[in-house]
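Just below is one structure, and these are the notes that go with it.
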């Protein structure tokens, strides 16, 4: 491989490093499982909330991306071809559009059986196909809900005094 050339594996590794940095910057704990046998790249923790995250990325911007969107494959490659992730395997896809330094934190259920998605950084409407714009920079989805945290603290307090 020529010096300075980034293959797809190397670009994926760079996206994973970028994810660790960004999640940690958001106050989210990040752990990487040992080996490559898990369907997720990271376990993240915020308070009592734990989630499994698979990182996907795009490092190129094709011409017309504002109109056509940026395609990102959100499925896994297996011996039988490309297969979908299930909610039993992962909780979120973290999609990184490197040229724009944009992150999409998408619940796996929101993929609705798609093997690839299109991200519209130009701000298109959902009617035109920008179904994932609500998930752009949605780091709060990986964080513990404040109401749940308060409820858990009350439960803990009651258990201590019973």
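When you scan the stretch 91-124, how many residues do you find that are assigned to a strand (DSSP E or B) and more than 12 Å from the chain's Cα centre (by Cα)? Residues in the stretch 91-124 being assigned to a strand (DSSP E or B) and more than 12 Å from the chain's Cα centre (by Cα): 4 in total.
Counting only strands (runs of 3 or more DSSP E) that sit wholly inside the stretch 19-90, those with at least 2 residues that are under 13 Å from the mean Cα position of the chain (by Cα) and modelled with pLDDT of 95 or more are 42-46, 49-58. Just checking, how many residues over the stretch 15-29 are free of Cβ contacts under 8 Å to residues at least 40 places away in the same chain and under 16 Å from residue 103 (Cα atoms)? Here the count works out to 6.
Is it fair to say residue 97 is surrounded by 12 or more Cβ atoms within 10 Å (Cβ to Cβ), at pLDDT 90 or above and either closer than 18 Å to residue 116 by Cβ or out of contact with any helix residue (DSSP H, G or I) (no Cβ under 8 Å at 6 or more places or on another chain) (or both)? It is true that residue 97 is surrounded by 12 or more Cβ atoms within 10 Å (Cβ to Cβ), at pLDDT 90 or above and either closer than 18 Å to residue 116 by Cβ or out of contact with any helix residue (DSSP H, G or I) (no Cβ under 8 Å at 6 or more places or on another chain) (or both). Counting the residues of the stretch 118-162 that are touching a strand residue (DSSP E or B) at 6+ places or on another chain (Cβ under 7 Å), surrounded by 17 or more Cβ atoms within 10 Å (Cβ to Cβ) and at pLDDT below 90 gives 2.
The values are calculated or read from the model by the stated rules, or taken from the named source; none is laboratory data. Quick caveat, the model's predicted, so the values are computed rather than measured. Virtual Cβ from ideal backbone geometry, glycine too; neighbours counted across all protein chains shown.
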